[in-house]
1. Going residue by residue through the range 35-49, is there one that turns out to be over 25 Å from residue 18 (Cα atoms) and either over 13 Å from the mean Cα position of the chain (by Cα) or at pLDDT 95 or above (or both)?
2. Looking only at the range 45-65, decide whether some residue is at positive phi and in a loop (DSSP other than H, G, I, E, B).
3. Could you check the range 50-80 and list, in sequence order, the residues that are under 17 Å from residue 20 (Cα atoms) and free of Cβ contacts under 8 Å to residues at least 24 places away in the same chain?
4. How many of the residues making up the range 94-105 are out of contact with any Phe, Trp or Tyr (no Cβ under 8 Å at 6 or more places or on another chain), surrounded by fewer than 18 Cβ atoms within 10 Å (Cβ to Cβ) and assigned to a helix (DSSP H, G or I)?
5. Quick check: is even one residue across the range 70-77 surrounded by 20 or more Cβ atoms within 10 Å (Cβ to Cβ), of a type outside the set (Phe, Trp, Tyr), within 10 Å of the chain's Cα centre (by Cα) and part of a helix (DSSP H, G or I)?
6. All but one of (1) modelled with pLDDT of 90 or more; (2) under 14 Å from the mean Cα position of the chain (by Cα) hold for residue 98; state the number of the condition that does not hold.
7. Within the bounds of the range 24-31, is there any residue that is out of contact with any Ser or Thr (no Cβ under 6 Å at 6 or more places or on another chain), surrounded by 14 or more Cβ atoms within 10 Å (Cβ to Cβ), part of a helix (DSSP H, G or I) and without any contact (Cβ under 8 Å) to a residue 60 or more places away in the chain?
8. Would you point out the residue of the range 53-69, among those that are among the β-branched types (Val, Ile, Thr) and surrounded by 15 or more Cβ atoms within 10 Å (Cβ to Cβ), that is farthest from residue 99 (Cα to Cα)?
Amino acid sequence: MAGRLAQNTAVHMGVAFLAMGCWAAFANRTHPMPGPLLAGVVQGSLSAVITLVLKRMIESIGRRFDGPASLWLPPLVATVLSLGILASIHALAGTPEIAATIALPASVTAVYSTIYSLALWRGRKAA
């Protein structure tokens with residue numbers, strides 16, 4: 001049962017929504033409601049969608065390039081796109097503390113995409 005849950009995309013999206021949504025609400029806690037709540041819903045929704053797309057995007061970009069570019073380009077693109085999307089949507093939503101709100105989700109994106117890209121790169125080198 002736990003193994004199936006760990007592999008379930010909807011579970012991953014739900015965890016991303018809750019974790020990063022709660023972070024965004026916390027990062028905006030000093031502002032009056034509904035600011036923190038709106039920031040949490042916006043960030044949670046964005047994190048769920050990014051979680052759905054990120055893995056496939058890293059795989060796709062990595063396959064298109066050879067050599068070191070297939071290692072460093074996927075996390076670079078993922079991180080830059082994530083930062084741009086997060087900052088833009090939060091600005092449109094009126095999130096009070098944009099930098100604090102996106103710091104953790106963007107860091108998670110950078111770390112995850114780097115580790116996953118490295119794993120894929122090593123796998124291609126070994127094959």
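The values are calculated or read from the model by the stated rules, or taken from the named source; none is laboratory data. On a predicted model such as this, the values are computed, not experimentally measured, just so you know. Quick reminder, even Gly has a Cβ in these numbers, built from the backbone with ideal geometry, and neighbours come from all protein chains shown.
1. No, because not a single residue in the range 35-49 is over 25 Å from residue 18 (Cα atoms) and either over 13 Å from the mean Cα position of the chain (by Cα) or at pLDDT 95 or above (or both).
2. No.
3. Matches in the range 50-80: 53 only.
4. Of the residues in that region, 3 qualify.
5. Scanning the range 70-77, I find no residue that is surrounded by 20 or more Cβ atoms within 10 Å (Cβ to Cβ), of a type outside the set (Phe, Trp, Tyr), within 10 Å of the chain's Cα centre (by Cα) and part of a helix (DSSP H, G or I), so the answer is no.
6. If we test residue 98 against (1) modelled with pLDDT of 90 or more; (2) under 14 Å from the mean Cα position of the chain (by Cα), just (2) comes out false.
7. Yes, some residue in the range 24-31 is out of contact with any Ser or Thr (no Cβ under 6 Å at 6 or more places or on another chain), surrounded by 14 or more Cβ atoms within 10 Å (Cβ to Cβ), part of a helix (DSSP H, G or I) and without any contact (Cβ under 8 Å) to a residue 60 or more places away in the chain.
8. 61
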